[in-house]
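Here the structure is laid out as structure tokens; the discussion comes afterwards.
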Amino acid sequence: MDVSDVQSLIDLAQESVATGELSSSAFDNLTKWLTAEPYQEYRSAIAESILAGNWSELDDVFWMIIPFGTGGRRGRMHPFGSNAINDRTIGESAAGLANHVKSVVHSEHPLSCAIAYDSRHRSRHFAELCAGVMVANGFRVYFLDDYRATPQLSFLVRNANCDCGIMVTASHNPPSDNAVKVYWNQGGQILPPHDQHIIEQVHTGVDQIPFEDFDESVRAGQITICTEKNDQAYLDAVAACSQDGPRDLQILYSPLQGVGGLVIPKVLQTVGFEQVEVFPDHADPDPDFSNVVGHVANPENLEVFESLIDYAVTQGADIVLATDPDADRMGCAAPERLDPDSDWKVFNGNQLCALLAAYRMESLMEAGALTAASFQVTTLVTTTLLRRIADHYGVRTRDDLLVGFKWIAAAIDQGGAQNFIYGTEESHGFMVGDYCRDKDGAAACMLICELAAKLKQRGQTLFDYLQQLYATFGYHQESLLTVYMEGSSGMRRRKDLMDQLRFQSPAELGGLPVIAVRDYLTNQKTNAAGESSVLDGPTDNLLFFEFEDEGNHVAVRPSGTEPKIKFYTFTRVAAEDETDLEADKVRMTARIGAIEADLQRIVNGGE
């Protein structure tokens with residue numbers, strides 16, 4: 001068969017739908033890419049894949065149009081396909097953004113866009129592509145001309161007064177992936193309705209994608225390279241959030257073969273930490289994360305810390321830090337005791353949220369910088385220990401937000417940036433100050449080192465500090481169970497599972513009766529007797545199953561950027577009920593295990 005015989009190719013694809021090898025949605029998108037003029041450059045490659053019978057691959061890359069999730073458009077790179085990252089989907093994302101900005105921003109000054117990229121495969125190529133599209137749409141582009149961290153892009157949007165921004169990165173995803181994170185003029189990632197309007201522009205307003213050559217646009221002054229200037233301004237802004245205190249701390253830092261090594265050691269040294277070593281095996285940016293266990297550079301994974309801790313012990317380090325490839329999230333490990341033979345502890349995201357919240361409030365109080373208007377911001381699925389700490393310091397808490405720092409960024413402006421002191425979420429994201437509107441691994445590393453050095457001077461460890469928080473506010477233990485369901489069949493399974501949990505809610509989990517269900521999709525709260533009431537809060541595909549003891553519940557949500565469902569389990573022993581923290585830990589670990597076993601049975605189709 002001739003690859004140019006489009007109708008015959010469509011007929012083959014139609015036959016694969018009948019046999020169940022190709023979903024109907026994939027067929028519709030594939031047909032558009034075979035027949036519509038804007039996609040003709042991809043026709044031969046698609047035809048070859050059809051003739052080879054690669055139906056699984058074709059279904060994966062065509063079964064949907066890659067959406068804007070909690071962190072932009074993210075997915076596996078593939079030369080073609082509506083559900084893949086390639087020149088077409090990246091280019092139309094930039095063009096859709098440009099069209100939307102032009103439709104809603106009316107200014108006497110030329111429109112502008114900030115663009116940066118990380119060290120992933122094709123990131124530089126996609127960044128230049130986006131720059132060329134924005135220039136062709138009449139935008140002036142401010143461009144960071146080397147690997148840079150995501151918060152540096154957020155900072156640039158604000159610092160250069162840009163109308164929007166684009167960061168090319170897939171954060172902690174596998175090496176096969178890439179993405180664009182799209183930012184609005186306040187430096188935060190796009191919120192509704194902008195995200196939907198951009199997708200509408202992609203669907204209806206992007207045919208041929210306009211493009212100007214990158215190098216020629218630089219020479220013409222339409223693209224401004226501002227890397228060094230932005231680096232220094234960003235460094236100064238982060239350092240301005242530092243608190244005075246001891247700096248005697250030996251630090252081992254890993255960028256996990258991402259971009260953090262270009263910025264975080266400089267930040268730490270700027271604020272006075274002189275003993276900073278970058279872990280040699282992870283020092284150089286590598287898009288394949290060749291030396292990271294499993295080749296997934298995620299500071300949430302305990303496994304990435306094993307080699308770091310081994311090396312830290314030999315070097316006599318006091319603390320180990322790691323950031324994800326675009327350096328916006330931080331992970332940490334430290335010894336439990338101040339002696340060379342101590343065991344080490346890797347802190348989870350909720351524990352780090354609490355440690356930094358307590359340090360932030362304590363240090364600001366000591367500096368006389370807390371006021372009755374001071375507030376912190378977090379999400380619905382982050383530890384409730386944060387509110388208890390804030391109440392102790394007289395700090396207001398906004399904790400009714402959906403997952404994603406874009407919501408935290410919006411809440412800062414709603415509450416008044418001058419009163420904002422701390423934003424965080426359980427997935428290792430932390431933000432302070434007013435210099436950007438996204439989580440920042442550099443600021444997080446700086447704060448945790450300040451706390452560790454302060455505790456070291458007192459003869460204490462981060463572990464000791466956490467135990468003190470538990471003793472004061474009650475023992476809190478959280479867990480995250482992640483279930484992957486990939487492809488079009490996975491999407492159906494995720495929907496079916498959420499429907500099951502929503503309409504046939506379990507009466508108990510882990511032996512604990514469910515006394516109420518909070519459904520944020522319908523904004524209804526239903527008790528065990530079936531009585532419903534209006535639920536205040538945001539609207540999203542998110543369920544909560546509440547147990548009798550306050551602070552004990554399970555939250556369930558499908559991810560907005562990856563093919564998975566997340567189950568968040570929260571347990572708590574009230575401070576007045578505590579008798580022994582170790583005994584509490586044993587009991588809550590068993591409780592979480594029983595709850596997650598029931599959740600896994602539900603996922604697997606059991607009762």
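The values are calculated or read from the model by the stated rules, or taken from the named source; none is laboratory data. If you're wondering where the values come from, they're calculated on a predicted model, not measured in any experiment. Cβ coordinates were reconstructed from backbone atoms using ideal geometry, including for glycine residues, and neighbour counts include every protein chain displayed. All accessible areas refer to the heavy atoms of the entire protein, side chains included, with ligands and DNA or RNA removed. Shrake-Rupley method; radii C 1.70, N 1.55, O 1.52, S 1.80 Å.
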Matching option when the condition is touching an Asp or Glu at 6+ places or on another chain (Cβ under 6 Å) and within 26 Å of VAL6 (Cβ to Cβ), among TRP55, TRP63: TRP55
Quickly run through segment 93-116 and pick out the residues that are out of contact with any Pro (no Cβ under 8 Å at 6 or more places or on another chain), open to solvent by less than 10 Å² (accessible area, probe 1.4 Å) and assigned to a helix (DSSP H, G or I). SER93, ALA94, GLY96, LEU97, ALA98, HIS100, VAL101
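If you go through segment 229-237 one residue at a time, do you hit one that is of a type in the set (Ser, Thr, Tyr), buried (at least 23 other Cβ atoms within 10 Å of the Cβ) and outside any loop (DSSP other than H, G, I, E, B)?
yes
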Need pairs with beta-carbon distance below 7 Å; first residue aliphatic (A, V, I, L, M) and within segment 337-361, second assigned to a loop (DSSP other than H, G, I, E, B); sequence gap 6+ or separate chains. LEU338/GLY459; LEU338/THR461; LEU352/HIS428; ALA354/THR383; MET361/LEU370; MET361/VAL395
Of (1) open to solvent by 60 Å² or more (accessible area, probe 1.4 Å); (2) modelled with pLDDT of 95 or more; (3) farther than 17 Å from GLY165 by Cβ, ILE225 satisfies every one except (3)
Options SER505, SER489: the member that is part of a loop (DSSP other than H, G, I, E, B) and either over 24 Å from GLU425 (Cβ atoms) or open to solvent by 30 Å² or more (accessible area, probe 1.4 Å) (or both): SER505
Go over the candidates ALA373, ALA357 one by one and state the one that is open to solvent by less than 50 Å² (accessible area, probe 1.4 Å), under 30 Å from LEU256 (Cα atoms) and at pLDDT 95 or above. ALA357
Here are the criteria: (1) within 30 Å of CYS445 (Cα to Cα); (2) touching a strand residue (DSSP E or B) at 6+ places or on another chain (Cβ under 7 Å); (3) modelled with pLDDT of 95 or more. Tell me which single one ALA239 does not satisfy. (2)
How do the pairs read when you match residues in segment 190-202 that are more than 19 Å from VAL157 (Cα to Cα) and surrounded by 14 or more Cβ atoms within 10 Å (Cβ to Cβ) with residues anywhere that are at pLDDT 85 or above and not aliphatic (A, V, I, L, M), using Cβ under 6 Å and keeping only pairs 6 or more apart or on different chains? HIS197/HIS100; GLN201/GLY96; GLN201/ASN99; GLN201/HIS100; VAL202/GLU92; VAL202/GLY96
Filter segment 302-348 down to the residues that are touching a His at 6+ places or on another chain (Cβ under 9 Å), farther than 14 Å from VAL278 by Cα and surrounded by fewer than 23 Cβ atoms within 10 Å (Cβ to Cβ) and list them by number. ASN348
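Could you tell me which of the residues ALA590, ALA529, ALA583 is free of Cβ contacts under 8 Å to residues at least 12 places away in the same chain and part of a loop (DSSP other than H, G, I, E, B)?
Only one candidate passes the filter, namely ALA529.
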Looking for whichever is aliphatic (A, V, I, L, M) and closer than 29 Å to MET491 by Cβ here; the options are LEU535, LEU581, LEU512. Which one fits? LEU535
Residue hits (segment 438-466; part of a loop (DSSP other than H, G, I, E, B) and either surrounded by 20 or more Cβ atoms within 10 Å (Cβ to Cβ) or among the acidic types (Asp, Glu) (or both)) are ASP438, LYS439, ASP440, THR461
Somewhere in segment 117-128, is a residue of a type outside the set (Lys, Arg), in a loop (DSSP other than H, G, I, E, B) and modelled with pLDDT under 95? no
How many of the residues in segment 162-193 are over 17 Å from the mean Cα position of the chain (by Cα), among the hydrophobic types (A, V, I, L, M, F, W, C) and assigned to a loop (DSSP other than H, G, I, E, B)? 1
Can you tell which of GLN196, GLN208, GLN201 is polar (S, T, N, Q), at pLDDT below 95, assigned to a helix (DSSP H, G or I) and more than 20 Å from the chain's Cα centre (by Cα)? GLN201
Number of the condition not met by PHE463 [criteria: (1) modelled with pLDDT under 95; (2) in contact with a Pro (Cβ under 9 Å, 6 or more places away or on another chain); (3) not aliphatic (A, V, I, L, M)]: (1)
Sole miss for GLN222 among (1) free of Cβ contacts under 8 Å to residues at least 24 places away in the same chain; (2) touching a strand residue (DSSP E or B) at 6+ places or on another chain (Cβ under 7 Å) is condition (1)
Has segment 161-183 got any residue that is hydrophobic (A, V, I, L, M, F, W, C), touching a Cys at 6+ places or on another chain (Cβ under 8 Å), open to solvent by 20 Å² or more (accessible area, probe 1.4 Å) and in contact (Cβ under 8 Å) with a residue 24 or more places away in the chain? no
Residues of segment 467-486 being in contact with a Lys or Arg (Cβ under 8 Å, 6 or more places away or on another chain) and either open to solvent by less than 70 Å² (accessible area, probe 1.4 Å) or free of Cβ contacts under 8 Å to residues at least 12 places away in the same chain (or both), in sequence order, are PHE473, GLY474, TYR475, HIS476, GLN477, LEU480, LEU481, THR482, VAL483, MET485
Counting only residues that are open to solvent by 10 Å² or more (accessible area, probe 1.4 Å) and on the phi > 0 side of the Ramachandran plot, give me the strands (runs of 3 or more DSSP E) lying completely in segment 396-436 with at least 2 of them. none
Given (1) among the β-branched types (Val, Ile, Thr); (2) free of Cβ contacts under 8 Å to residues at least 60 places away in the same chain; (3) surrounded by fewer than 15 Cβ atoms within 10 Å (Cβ to Cβ), VAL517 misses just (3)
